[in-house]
Structures are given as C-alpha cells and as structure tokens.
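Q: Pasting a structure here, questions to come.
The values are calculated or read from the model by the stated rules, or taken from the named source; none is laboratory data. Since we're looking at a predicted model, the values are computed, not measured. Cβ placement follows ideal geometry from the backbone for every residue including glycine, while neighbour counts extend to all protein chains displayed. The protein model used for the area step is the full one, side chains on, heavy atoms only, and it has no ligands, DNA or RNA in it. Shrake-Rupley method; radii C 1.70, N 1.55, O 1.52, S 1.80 Å.
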Amino acid sequence: MVTMRLFHSDFALGRVIRHTLVAMIALLFASLPCYAHAESVVASLDKNNVAENQVVQLTLRADFTNTGKGPDLSALKKNFDVLGQSQNSQFSFNVGSNTALTYWVISLMPKSVGTFEIPAIKIGDQASQPLKLIVHNAPQLLDNKGNPPVMVKTHISQNSPYLQQQVILSEQLYTSVSLQNANLSSPSNPDLVIERLSDDQMAYQTINGTRYQVLTRQYLVFPQKSGQISIAPQSVRAMINTASGNRIIKVQSDPIDLQVLPIPPSYPSDNWLPSSSVTITTKLTKTSATPKVGDTLIWDIEVTAKNALPEQIPQMTFESTAGYKLYPQPIKFTSQKNSDGITGHQSIKIEVVPTQSGPLTMPTATLTYWDTNKEETSTASATTNPITIAALPATSTPKTATPPPKSSEEAGKPIAHKTTQSSKKIIDNAANAPISLAKKSEKDTSPAAAPISNNDSTPWSWRQYTIFTLASLLTIMVIAWLVLFIRRRKSATNSEDSVPTLQEFAPLTSNDESSAFRTLIQCCRQDNLAELRSHLLEWSRHRWGDEKIKSVDDIKRLASSVKLTQLLMEAELMMYSNQPSNQWQGTPLAEALEEYKSGQPKKSQASQLKTLYPNF
C-alpha cells in the first residue's frame, strides 16, 4: 500500500517536470524566428564576368521595413553608369512571426574594361557585402565589309593656339545602321569656354565600301589657361539591331591635347585681344544743317574683331576737352557666326557737345591686338572727318527807322522853288508887318522857312512819334530776349559743368581701403561673381580716387599687372558667357590681389594664371 502511494507520487512529479520541459522547449522554438530574421542587406549580380558595353544587374535585398530613402548608389557612379532601377516589396505573416523583404534591381553599365569591386551599398543602417565584377573587351562589331557600324571622330582647327584664341572643335558621328536611344556626348573642360558654333550638319560619305551617314557638330573653344589642356574622348551610346538581337554599344573618339601658348612678352598692351582681323569705322553726324556751339552731334564707332567674342574686345575710352564734351551711351555687343567661326562687334555711340567754334576734330580711334595669322602685334585705327562749328549769334540793336519825308513834294526840286516863293512873300510883307513880326521874319530868312513847318508839321510829327515808339519797344524786347537767352545758356553750361561726381550718385559703403579690400577678398574666396564688380570698384576708388576710376578697365590700367589683368578678364568673360556663374573660381584672383597689395608673391597652386574677358 505504501509502495503504491510512492509510485503515484513519483508519477505525478514526473508529469510536472515533463510539462515544464515541454513548455521551455516550445518557448525556445518560439524565440528562434527572431534570430533567423535579423536585419541584413544582401547583394548579388546576375553575372560576374561580362563583356564591354554589356549591362549587368545588381540585386539588393533588405530584410527589414525601415529602409529610409532606399539604397545609396553614389559609390557606384565612379566605375558604372546607372541606367535604371526598380523596386519590389514582399510581406509574409505567420503565427508568431512577420517577414518583410524589399528588393531593388539596378541596371549597371561598366565605364571601362578591368576588374572592379562593387562596394558595400548602404540601406538604412545596414550595408551589403562587396562584390567582384570582371569586365573584358568585347569582340569588335564589324559589318560584312570589315567596317565598324558606328564611329566617332573629333578634330580641331588649331593644335597650338594662343591664350583665348578661337579654336573650332568638330565632332563627327559616322553611322551605317539605325541607332536607338542614341546619346552623343558634348565636350567640357573647366579651363575652356565652349559654345555651339552652328546647328548639326548632315551629309553622306562612303568609306571602304560602306556608306555612312555623317552628323557634324561644331563648337567654339577659347582656352583660358596657358600650357597643355586635354579634351576628353567624345562618345556615343546607343542600341543597335544585330543578328543576335539588340545590343548596346559605346563608341568613343581619341582624346585631344591643346598646347596653349601664353601672351607673347613683346605684346605692348594690358588688354589682350587675339584676332585674325580688327577693323574700326567712325562717323560724326550732324543733328542740324549748321551745327553751332552747344548743339549735339553723334559720334558712332564700330569695332569688328574676327574670331573673337564681342566681350573680348577692349573698351575704348575718350576724355572731354576744352573744345567739346563727350557723353557716351551704353555699348552694344553683337556677334555673327559662320563656318570660319565667330565675329564680334562693338557699337559705341557718344554724344558730342562742342564748346568752341571752328573745326571740330575728334581723336583717332585706335585698338591694339594680336594678329593670329601673322603672329605679330597689329594696330587698327580710324579717323573721323572734322565738322565746322559755328559760333553763337552775337547780340545786336536794330537801327531806328528813318522818318519818311514830310511830303512827296519835299523830295524834289519843286520844294526848293516853293520855299523860295514863300520867302519872297515874307520879305515883301515885312515892311507892313509889326516890329515884332518884322524881327522874327529876319531870323527866318533861311531856305527852310517857318511857314513850311507850320503848314505840314502837325500830321507828320504824330507818325514819326508812333514809329519811334514802336521801334523803341522792339529794341527793348530784342535786348531782353538776348539777355534771357545768354543767362539760360550760361545756366545750362554751368549745369553741364557741374556733373554729379561718382561719390554723389554712388557713395562709398566702406570706411577705408583696408575694409573694402577685406570685403573684396572675401567675395573672391566665396566665388561670388555677381558682386565682384561692385567690390572691385569700391576698393579701387579708395585706392586711386573717384576721378581715376570709372570702370574695371581703369583698374587694369592703373594696376599695371599682367597677372591681375588676365584674372579680371577671366571674370568678365565668364560673366558674359553662357556658362553658369557658379563655375567661376575666385581664389586665384584673391591671391593675385593680395600679391599686388603686399608686393610679395605667394607660392600657391591656387594662384595659377587663369584668364577670361569682358566688359562690364
């Protein structure tokens, strides 16, 4: 009996232990899915060995939901072109566990041949493992005549141009098959100013028995740094139909090296202008048939530079003299393009007000440039035909009109005869007249006797008085008009002489040269091209004074520094070019300004000579 109870007690205790163990094992298995689905990123390639220009697909899998903005592909762009990507998400719900999978499929095109490592790709807080990819040369694609179906060729008009000299770059695409989704590259280089010369030209050419369609695209290139400048190979990527199906191809040209020559030491001017030909024409136009002192004349100057941008042409400045005053208008820039390149035009219009009478002779318009054909310094000039300026009309008083004769009979001999008869009558009657009258008659024995005056004086005296009064009034009015005219003319002359100074209509915002220079250096180092001109003028006005500074060209002239001049030309040309202003780098200009102000050269790679041109 006792044995039976012990048996039942042991059996009950065993059941409790067994149930506890089962519960612990179940809890352990329930916790296993959490460890099996730990967050991770897995990367894989559809192939590890591909041919050149072949697309490879990279698949990324994320085993978590918080993927943020997705995979960071910036590390791939060094060796691959990312052609596209797609995303797919999967979710599964089981008792006690949830699973979320996100896939990204990325199409990559290797940029060159070799062995590459696909780096770890980060998604959220996790990253994949690196992968290895081998890219080998693809067999050359040729037609049945042994010619490639697609070719890209480039050539330039000048291998050794001078600084800022025009170079024509021609890019030609040869195709004997149809291209799909073709993408032809464009040349670029930070040391070159590049712009399109003309629209694409289409032609046909047969090479080794294969007929090609040739697309020609031309660019204007202006080197901004002396020394060697390399233009990367130009390429085209497209899809073509082959016997084995569609195939993506990438064909590129050979690279081009430019050996840019610096400004010749013999060049005499600070304003560098390389051009094959420069012409200047001038014309002085009257605004009235007979120009007088104070009238306005128009002086037109046309400057044409072949193979140069209009902004490269240096501005010509002229000063007023004692014989005339000059009022220049804003310069107009135009250009024309043809197969030989670009031709820049500057139209200068100046209003001329003569201040002295006599021949008006304008100064000779002269421009120094570097003849790229003859490789020597040349000068273009033009003279203006003089115009005679008349003096202002002198002030004069009109003469008083002479009174008309008292009667028509007094103008002829009958008047003398009539007077004689009157005199005889007076003498004959003198004896019978009273004594007083007789004495009066003796006084009036002259030919112009009193009786004549008594007969005709009353009506004519009133006419004479009226004429004299009107003449006097007219004279007074003319004199008053001349006085007012002279006073107004003097007032206009004084107002012209008192032209507002630069300080009056553009006051300085800084206290001294040092503060203006610090602001200028800060503007350069921040690459702030938009505010460069105002800070340059602010500093230069402190340094040289308002009377010597009118534009940036005055800074070049007064600084007498070729290096500083060329860096200012760089900023000017970048400002007027089609390239974005954020590509301008102001550190070289800042260093050149510091060297100029301190007089001590700085040894820095950033102070390499860079130049651009034109004008504000």
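Q: Provide E538, E52 ordered by accessible surface of protein heavy atoms (probe 1.4 Å), highest first. All intermediate terms of the calculation are to be shown ahead of the outcome.
A: On the way: E538 25, E52 65 Å².
Of E538, E52, the descending order of accessible area is E52, E538.
Q: Which links in K306/K332; K78/K250; K306/K550; K111/K145 stretch past 24 Å when you go from one Cα to the other? Before the final figure, lay out the partial values.
A: Working: K306/K332 17 Å; K78/K250 17 Å; K306/K550 28 Å; K111/K145 29 Å.
Those over the limit are K306/K550; K111/K145.
Q: Oh, and also: For region 152-209, what does the accessible surface come to per residue with a 1.4 Å probe? Please give it in Å².
A: On the way: 2950 Å² over 58 residues.
That works out to 51 Å² per residue.
Q: Relative to the present Cα-Cα distance, how much length would full extension add between L83 and F333 at 0.36 nm per residue of separation? Spell out each step's value before the answer.
A: Details: separation 250, 0.36 × 250 = 90.00 nm, distance 4.30 nm.
My answer for the length gained is 85.7 nm.
Q: Test of understanding: what is the full-extension gain from R488 to S235, defined as 0.36 nm times their sequence separation minus their Cα-Cα distance?
A: 83.8 nm
Q: Quantify, in whole percent, the carbon and sulfur part of the accessible surface of region 262-307 (1.4 Å probe; protein heavy atoms only).
A: On the way: 1050 of 2020 Å².
Ligands and nucleic acids excluded, carbon and sulfur give 52 percent.
Q: Once the other residues with Cβ under 13 Å from the Cβ of E538 are scored (Lys, Arg +1; Asp, Glu -1), what is the net sum? Please report the intermediate quantities before stating the final value.
A: Details: positive: R518, R533, R541, R543; negative: D512, E513, E531, D546.
It works out to a net charge of 0.
Q: Another question, then. What accessible area, in Å² to the nearest ten, does a 1.4 Å probe give for V82?
A: 60 Å²
Q: Also, I was wondering about something else. In whole Hz, with x marking every Gly and Pro, tabulate ³J(HN,Hα) for region 170-183 from phi via Karplus 6.51 cos²θ - 1.76 cosθ + 1.60, θ = phi - 60°.
A: 10, 10, 10, 10, 9, 9, 10, 10, 6, 10, 10, 6, 6, 9
Q: If you don't mind, another one. Could you sort D553, D200 by their accessible area in this structure, using a 1.4 Å probe and putting the largest first?
A: Numbers: D553 25, D200 65 Å².
Largest accessible area first, the list is D200, D553.
Q: Label-point separation (nm) for K286 and A471, each offset 7 Å from Cα along Cα-to-Cβ?
A: 3.6 nm
Q: Next question. Go ahead and run the numbers for FRET between D191 and I387, Cβ-Cβ distance against an R0 of 60 Å, rounding to 0.05. Can you show the working numbers first?
A: Details: r = 49 Å, r/R0 = 0.82.
After rounding, the FRET efficiency stands at 0.75.
Q: Given a cut-off of under 8 Å on Cα pairs at least six residues apart, what relative contact order in percent is computed for region 55-175? Let's see the in-between values first.
A: Working: 192 pairs, mean separation 26.9, N = 121.
Over region 55-175, the number comes to 22 percent.
Q: Then there's this: Based on the Cβ-Cβ distance from N208 to N137, what FRET efficiency comes out when R0 is 30 Å, to the nearest 0.05? All intermediate terms of the calculation are to be shown ahead of the outcome.
A: Working: r = 23 Å, r/R0 = 0.76.
So, using R0 = 30 Å, E works out to roughly 0.85.
Q: Same structure, new question: From the backbone phi of region 64-77, what are the Karplus-calculated ³J(HN,Hα) couplings (6.51 cos²θ - 1.76 cosθ + 1.60, θ = phi - 60°) in whole Hz, Gly and Pro given as x?
A: So the Karplus estimates, Gly and Pro as x, are 7, 8, 7, 9, x, 8, x, x, 8, 9, 4, 5, 7, 6 Hz.
Q: Just subtract the alpha-carbon distance of D254 and T364 from 0.36 nm times their residue separation and send over the number in nm, one decimal.
A: Numbers: separation 110, 0.36 × 110 = 39.60 nm, distance 4.93 nm.
Length gained, D254 through T364: 34.7 nm.
Q: Still on this structure, please answer the following. Kindly identify region 196-325 as rounded, prolate or oblate by the Cα gyration tensor criterion: order the square roots of the eigenvalues as a ≥ b ≥ c, call it rounded if a/c is under 1.5, otherwise compare a/b with b/c, prolate if a/b is larger, else oblate. Display every interim value, and only then the final one.
A: Numbers: a/c = 4.48, a/b = 2.42, b/c = 1.86.
Here region 196-325 falls in the prolate category.
Q: Which order, highest average first, do 59-68, 216-225 follow once you tally other Cβ atoms within 10 Å for each residue and take the mean per peptide?
A: Values: 59-68: 16.5, 216-225: 21.0.
Those peptides, ordered most packed to least, come out 216-225, 59-68.
Q: Just to confirm, what accessible area per residue do you get for region 335-395 at 1.4 Å probe, in whole Å²?
A: About 52 Å² of surface per residue is accessible.
Q: Hey, what do the phi angles of region 587-593 turn into as Karplus ³J(HN,Hα) couplings, whole Hz, using 6.51/-1.76/1.60 and θ = phi - 60°, x for Gly and Pro?
A: 4, x, 5, 4, 5, 5, 5
Q: Right, another one. Sort 136-148, 586-598 by the packing proxy (mean of other Cβ within 10 Å over each peptide's residues), most packed first.
A: Sorting 136-148, 586-598 by mean packing, highest first, produces 586-598, 136-148.
Q: Let me check I have the definition right: for region 141-217, take the eigenvalues of the Cα gyration tensor, multiply each by 5, take square roots. What are those semi-axes in whole Å, largest first? Write out the running numbers ahead of the final one.
A: Working: eigenvalues 164, 37, 26 Å².
Equivalent-ellipsoid dimensions as semi-axes: 29, 14, 11 Å.
Q: While we're looking at this one, here's another question. Which loop GluC sites (Glu not before Pro) in region 221-319, with loop taken from DSSP, have no more than 11 other Cβ atoms within 10 angstrom of their Cβ? Walk me through the numbers on the way to the answer.
A: Working: sites: E302, E311, E319; in loops: E319.
For GluC sites (Glu not before Pro) across region 221-319 that sit outside H, G, I, E and B with at most 11 neighbouring Cβ atoms in 10 Å, the list reads E319.
Q: Assign one of three labels to region 253-300, namely rounded, prolate or oblate, based on the Cα gyration tensor with a ≥ b ≥ c the square roots of its eigenvalues; rounded applies when a/c is under 1.5, prolate when it is not and a/b is larger than b/c, and oblate otherwise. Don't skip to the end; give the middle numbers.
A: Numbers: a/c = 5.87, a/b = 3.02, b/c = 1.95.
Prolate.
Q: Using 7 Å Cα-to-Cβ label points, what is the K153/A100 separation (nm, one decimal)?
A: 5.9 nm
Q: May I pose another question? Between region 339-357 and region 115-181, how many Å separate their Cα centres?
A: Region 339-357 and region 115-181 have Cα centres separated by 48 Å.
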